[in-house]
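Here the structure comes first, spelled out in structure tokens, and everything after it is commentary.
Values in this text are rule-based calculations from the coordinates and carry no lab data. Here the structure is a predicted model, which is why all the values come from computation and not from measurement. Cβ: placed from backbone, ideal geometry, glycine included. Neighbour counts: every protein chain shown.
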Amino acid sequence: MASQQDFFSEEARMARAALRNLVKQTGEKLQQDSDPRPLIRQRPWISLLAAVGGGMVAGYMVTPPRIDAEEKRRLRALRKLRKRRSADRLQKSIVGAIAPALRTFAATAAGALVHNFQQASNHNNHRPTRSHKSADEFAEIPNQRIQI
């Protein structure tokens, strides 16, 4: 029995050693095969073509697709529309800021005109003795506003 047990233990030891040797040789072979320098020395033109082809593939993968003429026209129209919308927004904001002041000015001016016409109609029966009003007379015009 001792001889059979010794035989199996010897076989297991040799199998482990063979497995370790196989792993070591496979690692060395992979290391040698992954090093491109010997391949480049042996076949320089094939290596150059492979490098150019790899660069072209990498460039193709990184570069965005080209836009055809129709797509360029659509993008240009979209940019113009965006600019127009931003200009419209700016115009609306300016008008929104200025409009109340213009309304106030127009109402005040209209009120002054109405007052002048009323004054003129009251004095239609007689001729004024002087043709120009003094600054004091203009100061007496009330600040009337008309709703617009």
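Which of the residues spanning region 80-119 are of a type in the set (G, A, S) and loosely packed, with under 10 Cβ neighbours inside 10 Å?
Start the filter on region 80-119 by keeping residues that are of a type in the set (G, A, S), which leaves 86-87, 93, 96-97, 99, 101, 106-107, 109-112.
The answer is G96, A97, A101.
So R66 passes all but one of these: (1) in a helix (DSSP H, G or I); (2) exposed (fewer than 10 other Cβ atoms within 10 Å of the Cβ); (3) of a type in the set (D, E, K, R). Which condition number does it fail?
Against the list (1) in a helix (DSSP H, G or I); (2) exposed (fewer than 10 other Cβ atoms within 10 Å of the Cβ); (3) of a type in the set (D, E, K, R), R66 comes up short only on (1).
Could you list, in sequence order, the residues of region 17-39 that are among the charged types (D, E, K, R) and surrounded by fewer than 10 Cβ atoms within 10 Å (Cβ to Cβ)?
Taking region 17-39 and keeping what is among the charged types (D, E, K, R), we get 20, 24, 28-29, 33, 35, 37.
Result: R37, single match.
Would you check which residues across region 16-63 are outside any helix (DSSP H, G or I) and either in contact (Cβ under 8 Å) with a residue 24 or more places away in the chain or charged (D, E, K, R) (or both) and list them?
Step one: list which residues in region 16-63 are outside any helix (DSSP H, G or I), which gives 35-36, 43, 63.
Across region 16-63, the qualifying residues are D35, R43.
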